[in-house]
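Following: one structure in structure tokens, then a few remarks.
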Ligand code: NDP
């Protein structure tokens, strides 16, 4: 049976690869899902007859556009703009915008595909999408970022809307960029609506949205640890990245009594044997969010060690929170983590572990929470922002945090329900993929061949 399933997965993947040449990250994300789903499809042939796998791997719409803007020297610059509207079976397209020089069609399709399952897991009515640009905000002035965002939104505004497609932030898109894009949308459409999430508090944003992905990833780790009668207090943690997700992961870990040893950026990582404190974290937030500096400066300021060009996975720790980018943990890193005593990995980033790394985690039977479950708190809270916008009524910090916490507990329960293996081990990859798939697949079947 296992061999037959492998053949079916390989046949299916051969078609996906032929149809989407060169999109390696998209192939990787699809394969992981299809491997989990194939046994379920075989048991439920209506999904095979309905060609749900073939349909769910084809975006409903891909929008590609030119983004011209003028830099501070008066020179015209051209970037690529994208929006992938992947699946709207259970709600309007929802997913972030990424501004990073590495952005390409394959990366955004992988992110949009993952988003479909993640959004379904939240239990909120949100379809999946993703977008962005190869624009690099690093080293650009505020004015340049604003002109870029305005040009980007001038085209994107034709395709999105509060009931159609509601983008949010991702790598390189934080409060500043969302503000510039929201302002331009409002100007073009002459309407004040919840067309973007991650907005500022004074103009339609939700409390806890900035914190949500990081907090949610820690709540998810907490639930995973509970299955082994363990808790976060007193444990050491390695965190990668130093952006939005990493910052609030560290904040919640500190609140729950963990000792955080590392942070990183694309240049290298810092190791602080004394542990990152609340004061040091506040300094990092100012460094990254306002001064837009490099993490190396932390080592100079606090006498920590700095490892140029390396990732923090050789550090001995009880818990790992990859919170930077895709494929930042390979098999060797995973091996080092497990040998160093790491018992739980909760992915704040999207697909930070390579398939070979995931294999190591599953073989070692550690608690491994894949991004589409562990980092779903971000989009879930975006969903809560949409609800508050529709009601025109803001909720308190406590109310949003409580709802976020409940959602993460529920996502964990769904993973346990669909991911428990015969030996009792919880395979969260399978749990998240099957749990996320069922609702979308049923909705697609109900809506006919569309
Ligand atoms: P930010 O832009 O705020 O921070 C990204 C961090 O990752 C920075 O420290 C950045 O370093 C580092 N990084 C980015 N690219 C690379 C790379 N190629 N190699 C090494 N380090 C890199 O983004 P977020 O914190 O919002 O996003 C981080 C991850 O979390 C992404 O995978 C994103 O998709 C995921 N995510 C984010 C959500 C959100 O709500 N923001 C929701 C769910 C998932 P540098 O500054 O040097 O580039």
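Let me know the volume per residue of the alpha-carbon convex hull for the range 169-317, in Å³.
Details: hull volume 17.7 nm³, N = 149.
Hull volume over Cα atoms, normalised by residue count, gives 119 Å³.
Out of the DSSP beta bridges found with both residues in the chain, what percent are antiparallel (nearest 5)?
Of the beta bridges lying entirely in the chain, close to 60 percent run antiparallel.
Under the Kirkwood approximation for Rh and a Cα-based Rg, what ratio Rg/Rh is obtained for the range 1-79?
Result for the range 1-79 is an Rg/Rh of 1.25.
FRET efficiency for residue 255 and residue 70, Cβ-Cβ distance as r, R0 = 56 Å, nearest 0.05?
The computed FRET efficiency comes out at 0.80.
For the chain, just list the percent of Cα-Cα distances falling in each 20 Å bin from zero outward, please.
So the P(r) values, bin by bin, are 26, 60, 14, 0.
Report the equivalent ellipsoid semi-axes for the range 233-307 in whole Å, largest first, defined as the square roots of five times the eigenvalues of the gyration tensor built from alpha carbon atoms.
The three semi-axes for the range 233-307 are 18, 13, 11 Å.
So what is the relative contact order of the range 8-144, in percent, for Cα pairs below 8 Å that sit 6 or more residues apart?
Here the relative contact order equals 24 percent.
Tell me, what is the percent relative contact order of the chain, built from C-alpha pairs under 8 Å that lie six or more residues apart? Walk me through the numbers before you get to the answer.
On the way: 923 pairs, mean separation 69.4, N = 450.
The normalised contact order for the chain reaches 15 percent.
As a test of the definition: which semi-axes, in Å, follow for the range 376-450 when you take the square root of five times each eigenvalue of its alpha carbon gyration tensor? Largest first, please.
They are 28, 20, 7 Å, listed largest first.
With N residues in the range 61-192, what two-decimal value do you get for its Cα radius of gyration over 2.2 N^0.38 Å?
Values: Rg = 14.3 Å, N = 132, 2.2 N^0.38 = 14.1 Å.
Against the empirical 2.2 N^0.38 Å value, I get 1.02 for the range 61-192.
Please compute the length gained on full extension between residue 331 and residue 290, using 0.36 nm multiplied by the number of residues separating them and subtracting their Cα-Cα distance. Walk me through the numbers on the way to the answer.
On the way: separation 41, 0.36 × 41 = 14.76 nm, distance 3.53 nm.
The span from residue 331 to residue 290 would gain 11.2 nm if fully extended.
Since every read-out is calculated from the coordinates, none of them should be taken as a lab result. Bear in mind the structure is a predicted one, so any value in this text is a computation, not a measurement. We place every Cβ from the backbone using ideal geometry, glycine too, and count neighbours over all the protein chains shown.
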